[in-house]
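The next block holds one structure in the form of C-alpha cells; read it before the comments.
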Amino acid sequence: MPIGVQAAGHGARIPADGALLIDTSALREIEVDPATNRARIGAGARLLDVVMAAEHHGLAMPAGYARTVGAVGYTLGAAMAGSRGSRGSPRSQFARSTS
C-alpha cells in the first residue's frame, strides 16, 4: 500500500485513492527555549504561530506572516529557491530580537 504525508502548509489537498494518507495538521505544538534560541515545532505548526511564539519570548526570525504556510516546510527550505539571501536558510535564523 502506498503511503503519503500531507504537509500542514498551503499545498493542495490531494486524494489518496488506494493509499494511506498521513495528515499532520493536528500536530501543532510549539515549544520555545529562549535560553538556547531554539524552538521545537510539531509537523502541523503554521509559520505564523511559530513567529508569534518566538516574539512572546523576545525572539525573532526573518519570515513572512502568511497564515497558511507550514513551518516545517518553510524551515526545510521548500519553495525557497533564490530567496535565502546572505543569511542562509531559515533554520539558522532564530535569534534574539533587538527591538
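Yes/no matrix, rows are residues, columns are (1) hydrophobic (A, V, I, L, M, F, W, C); (2) at pLDDT 75 or above; (3) surrounded by 12 or more Cβ atoms within 10 Å (Cβ to Cβ); (4) assigned to a helix (DSSP H, G or I):
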{"site": "VAL5", "(1), (2), (3), (4)": "yes, yes, no, no"}
{"site": "PRO15", "(1), (2), (3), (4)": "no, no, no, no"}
{"site": "ALA35", "(1), (2), (3), (4)": "yes, yes, no, no"}
{"site": "GLY44", "(1), (2), (3), (4)": "no, yes, yes, no"}
{"site": "VAL51", "(1), (2), (3), (4)": "yes, yes, yes, yes"}
{"site": "ALA66", "(1), (2), (3), (4)": "yes, no, yes, no"}
{"site": "THR98", "(1), (2), (3), (4)": "no, no, no, no"}
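Only one of these conditions is not met by PRO90: (1) in contact with a Phe, Trp or Tyr (Cβ under 7 Å, 6 or more places away or on another chain); (2) at pLDDT 70 or above. Which number is it?
Going through the list (1) in contact with a Phe, Trp or Tyr (Cβ under 7 Å, 6 or more places away or on another chain); (2) at pLDDT 70 or above, PRO90 breaks only (2).
So, in region 18-73, exactly how many residues are closer than 30 Å to MET1 by Cβ and either among the hydroxyl-bearing types (Ser, Thr, Tyr) or more than 13 Å from the chain's Cα centre (by Cα) (or both)?
Count: 10.
The values are calculated or read from the model by the stated rules, or taken from the named source; none is laboratory data. The shown structure was predicted, so the numbers you read here are calculated from the model rather than taken from an experiment. Neighbour counts run over all protein chains shown; Cβ positions are idealised from the backbone, glycine included.
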